[in-house]
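Q: There's a structure below that I have some questions on.
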Amino acid sequence: MEIRKIQKTGGSTLVVSLPKAWCQNFDLKVGSKVMLNYNEKGGIMMEPFDRGQSSSGATVDIKKNSDMENELRMLISKYIQGVKRINIRSEDKKAMDDVIRRFLEYTIGFEIVDEKGNEAVLEDLISLPMLTFDKGMKRMVTLVRSIVTESISDEKIPIEYVLQKENEVDKFNIYIQRLFSQTLKDYSVLQLNKISSSQALSYLLVSRILERIADHGVRIYTLLGDKKLKNDEIREYLKASIDIMGRSMEYFFNKDVHNSNLEISKKEYFKNEREMINRSLRENSEGILLAEILEDAERIALYSTDICELVMDYFE
């Protein structure tokens, strides 16, 4: 750590000199530009302007016969890191097109802005204030609630539509990861979202929980297939799970610590109720199938109480 005095220049301007070694390391001279970012505790983070600009772009080379899953993960990692412009090159145009198509399906804001032969340029066209943590999370909640509700609906929509909703949940989860990554580099992102850094972390954790709840909803849908859920006890149990998820998210958005604490106490109810229903399934011809559905419903309820615990941990 280095301590320096604030000095006055020009009659009223306050200045602090920069360490010589630091300036030499980044080749900073008189007239060079630096970027200043403020954190919530009043600190300032400074970095060379050109370095910050260059970090907003990346180049990815997709090699012929490479693993497409690996290439996709590489692109998504760049997205989460906050890269705003990605140049993609490949010897195999079809492989490049396939990876780009899947990348666009998993991300929000990126579009192809230039394409020539075996090269393409993808750019982030969304501005931060347009899709905040709050807006992204509320969209996730709507999608997740729909997926779980559809899983036991007597008039089911085609599985393709359910999977499409699940993909949307994944997309928003990845977007919230990207937004959180940006808060670590730029305090203004927190200011735009009107939250603290710890609250930004809570959004990240809740988005992952919602993604898991969506997975359980899809699993219930898949287990039932075209069958109707005729077991009234399990149907009511799952509806109660959906309700506690809705209340938990309401408490999260309202930063309601008191009611979150009360909701957590219902964990034991869901555990005990599941055990009781399981005992009644022993003589049922579809007992194994129904027990699996019941387990997914319990996971949804317990994940929801986890959200309430996060409210207490990050908002009190």
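Q: Residues to consider are L238, L210, L192; find the one that is within 22 Å of E105 (Cα to Cα) and either touching a Ser or Thr at 6+ places or on another chain (Cβ under 6 Å) or among the aliphatic types (A, V, I, L, M) (or both). Steps first, answer last, please.
A: Numbers: L238 fails: within 22 Å of E105 (Cα to Cα); L192 fails: within 22 Å of E105 (Cα to Cα).
Going through L238, L210, L192 in turn, just one is within 22 Å of E105 (Cα to Cα) and either touching a Ser or Thr at 6+ places or on another chain (Cβ under 6 Å) or among the aliphatic types (A, V, I, L, M) (or both): L210.
Q: Just the residues that are of a type in the set (V, I, T), surrounded by 14 or more Cβ atoms within 10 Å (Cβ to Cβ) and not in a helix (DSSP H, G or I), please, taken from the range 132-170.
A: T132, I152, listed by residue number.
For (1) surrounded by fewer than 19 Cβ atoms within 10 Å (Cβ to Cβ); (2) under 26 Å from the mean Cα position of the chain (by Cα), each residue gets a yes or a no:
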residue	(1), (2)
R219	yes, yes
K228	yes, no
R235	yes, no
Y251	no, yes
E268	yes, no
R282	yes, no
L290	no, no
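Q: Here are S198, S188, S181: which of them is within 22 Å of R85 (Cα to Cα) and loosely packed, with under 15 Cβ neighbours inside 10 Å?
A: Values: S198 fails: within 22 Å of R85 (Cα to Cα); S181 fails: loosely packed, with under 15 Cβ neighbours inside 10 Å.
It is S188.
Q: For the subset of the range 288-316 comprising residues that are farther than 25 Å from E150 by Cβ and assigned to a helix (DSSP H, G or I), which member is modelled with the lowest pLDDT?
A: Filtering the range 288-316 for residues farther than 25 Å from E150 by Cβ gives 309-316.
Next, only the ones that are assigned to a helix (DSSP H, G or I) stay: 309-315.
Working: E309: 96, L310: 96, V311: 96, M312: 95, D313: 94, Y314: 92, F315: 87.
It comes out as F315.
Q: Please go through the range 112-131 and pick out each residue that is touching a residue at least 24 places away in the same chain (Cβ under 8 Å) and either in a helix (DSSP H, G or I) or touching a Leu at 6+ places or on another chain (Cβ under 7 Å) (or both). Please lay out each step first, then the result.
A: The first filter runs over the range 112-131 and keeps only residues touching a residue at least 24 places away in the same chain (Cβ under 8 Å), leaving 117-124, 128-129, 131.
Scanning the range 112-131 gives L128, P129.
Q: Under 7 Å between Cβ atoms, at least 6 apart or on separate chains: pull out the pairs that start in the range 144-166 with a residue that is among the acidic types (D, E) and end on any residue that is assigned to a helix (DSSP H, G or I).
A: Close Cβ pairs (under 7 Å, with a partner that is assigned to a helix (DSSP H, G or I)) amount to E150/V162; E150/Y221; E166/I147; E166/A214; E166/V218.
Q: Output yes when any residue across the range 202-210 is touching a helix residue (DSSP H, G or I) at 6+ places or on another chain (Cβ under 7 Å) and farther than 19 Å from E166 by Cα, and no when none is. Walk me through it before giving the result.
A: The initial filter retains those residues of the range 202-210 that are touching a helix residue (DSSP H, G or I) at 6+ places or on another chain (Cβ under 7 Å), namely 202-210.
Right, trim to farther than 19 Å from E166 by Cα and you get 202.
Yes, because at least one residue in the range 202-210 is touching a helix residue (DSSP H, G or I) at 6+ places or on another chain (Cβ under 7 Å) and farther than 19 Å from E166 by Cα.
Each row is one residue, and each column tells you yes or no for (1) assigned by TED's automatic domain parsing to the domain that holds K228; (2) of a type in the set (K, R).
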| site | (1), (2) |
| --- | --- |
| N87 | no, no |
| Y106 | no, no |
| K116 | no, yes |
| A120 | no, no |
| L143 | yes, no |
| I147 | yes, no |
| Y161 | yes, no |
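Q: From the list G246, G225, which one is at positive phi and assigned by TED's automatic domain parsing to the domain that holds E160?
A: G225
Q: Quick test of your reading of the structure: L204 fulfils all but one of (1) part of a helix (DSSP H, G or I); (2) more than 12 Å from the chain's Cα centre (by Cα). Name the failing condition by number.
A: Going through (1) part of a helix (DSSP H, G or I); (2) more than 12 Å from the chain's Cα centre (by Cα) one by one, L204 breaks only (2).
Q: So which residues in the range 232-287 are in a helix (DSSP H, G or I) and of a type in the set (S, T, N, Q)? Please lay out each step first, then the result.
A: First pass over the range 232-287, keeping only residues in a helix (DSSP H, G or I): 232-254, 257-264, 267-280, 287.
Matches in the range 232-287: S241, S248, N254, N259, S260, N261, N272, N278, S280.
Q: Considering each of K8, K64, K78, K41 in turn, give the residue that is within 28 Å of the chain's Cα centre (by Cα), basic (K, R) and at pLDDT below 85. Steps first, please.
A: Numbers: K8 fails: within 28 Å of the chain's Cα centre (by Cα); K64 fails: within 28 Å of the chain's Cα centre (by Cα); K78 fails: at pLDDT below 85.
None of the others qualify; the one that does is K41.
Q: Of everything in the range 119-162, what is hydrophobic (A, V, I, L, M, F, W, C) and under 18 Å from the mean Cα position of the chain (by Cα)? Give them in sequence order.
A: Residues of the range 119-162 hydrophobic (A, V, I, L, M, F, W, C): 120-122, 125-126, 128, 130-131, 133, 137, 140-141, 143-144, 147-148, 152, 157, 159, 162.
Scanning the range 119-162 gives I126, L128, M130, L131, F133, M137, M140, V141, L143, V144, I147.
Q: A further question follows. List every residue pair whose Cβ atoms lie under 6 Å apart, where the two residues are 6 or more positions apart in sequence or sit on different chains, the first residue falls within the range 232-244 and is hydrophobic (A, V, I, L, M, F, W, C), and the second residue, located anywhere, is surrounded by 15 or more Cβ atoms within 10 Å (Cβ to Cβ) and not in a helix (DSSP H, G or I).
A: L238/I152
The values are calculated or read from the model by the stated rules, or taken from the named source; none is laboratory data. The shown structure was predicted, so the numbers you read here are calculated from the model rather than taken from an experiment. Positions of Cβ are backbone-derived with ideal geometry, glycine not excepted, and every protein chain shown enters the neighbour counts.
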